[in-house]
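Any read-out appearing in this document is the output of simple, stated calculations on the displayed coordinates, not a laboratory observation. Everything quoted here is computed from the prediction, not taken from an experiment. Reconstructed Cβ throughout: ideal geometry from the backbone, glycine too, with neighbour counts over all protein chains shown.
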Amino acid sequence: MMKKIFFLTIIAVFSLTLNAQKFAYVDSKYILSHIPAYEAAQKEINELSAQWQMEIEAKYESILQLEKAYQAEKILLTEDMRKKREGDIELRKKEAMELQKSKFGLDGELFKKREELIAPIQEEIYKAIEEVASTSALMVVFDRSEQGNLLYTNPKHDISDKVIKKMGLKPGETLDGKSGGDKDDSDDSDAPKGGNDRTQPKTGGGKGK
């Protein structure tokens, strides 16, 4: 799966008066579950990862076979022949490690591909959050999917569905079919509604006011 999509709390001042401090939150994982482009990006990333992993494993398997053959024949080889074989094995090991780093390292191809495919989706979501927050006179928007900041979330302050609608999508129509329906109906009520486990207050996930 992917790394965490948002490294946020998003803090943006949209209200002109200090008295109108309003807080809300989104669930970025829930939002992403509605976006076909994200599903396609994840599929492409996973396929590339699997392909590169197979290539790397094949190289290490080849090295293992060379080492086994060398150990079996070592006693029959001259010193120069042994040095040549050992040098060849070390070179192949270095090449395999360099390939692994180039594909899966911090600045490797997988990281760059993820940035290329996911960054535009992140930007689209952030823009929708910004528009919803500005029209709702919100000052602070938290991401409930990023654990560690909040201890409680009240569904009254969940604007995830508004963000999904702003992006031209329909809340509840997730690509995996696992999430519940539209949550906007509960925006004006403190009491969470049944039938959708995502609208229930949770501990350990977030806190809203």
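Take Ile121, Ile164 and order them by how many other Cβ atoms sit within 10 Å, fewest up front.
Working: Ile121 17, Ile164 27.
Ascending Cβ contact count within 10 Å gives the list Ile121, Ile164.
Using only Cα atoms, what Kirkwood radius does region 43-109 have, in angstroms?
Values: mean 1/r = 0.0746 Å⁻¹.
For region 43-109, inverting the mean 1/r across all distinct Cα pairs yields 13.4 Å.
Calculate the spin-label point distance for Lys165 paired with Glu67, positioning each point 7 Å from the Cα along the beta-carbon direction, and give it in nanometres.
That separation, rounded to one decimal, is 6.1 nm.
Pairs Lys68/Lys101; Lys29/Lys165; Lys43/Lys165: which exceed 19 Å Cα-Cα? Before the final figure, lay out each step's value.
On the way: Lys68/Lys101 25 Å; Lys29/Lys165 15 Å; Lys43/Lys165 24 Å.
Distance filter (> 19 Å) returns Lys68/Lys101; Lys43/Lys165.
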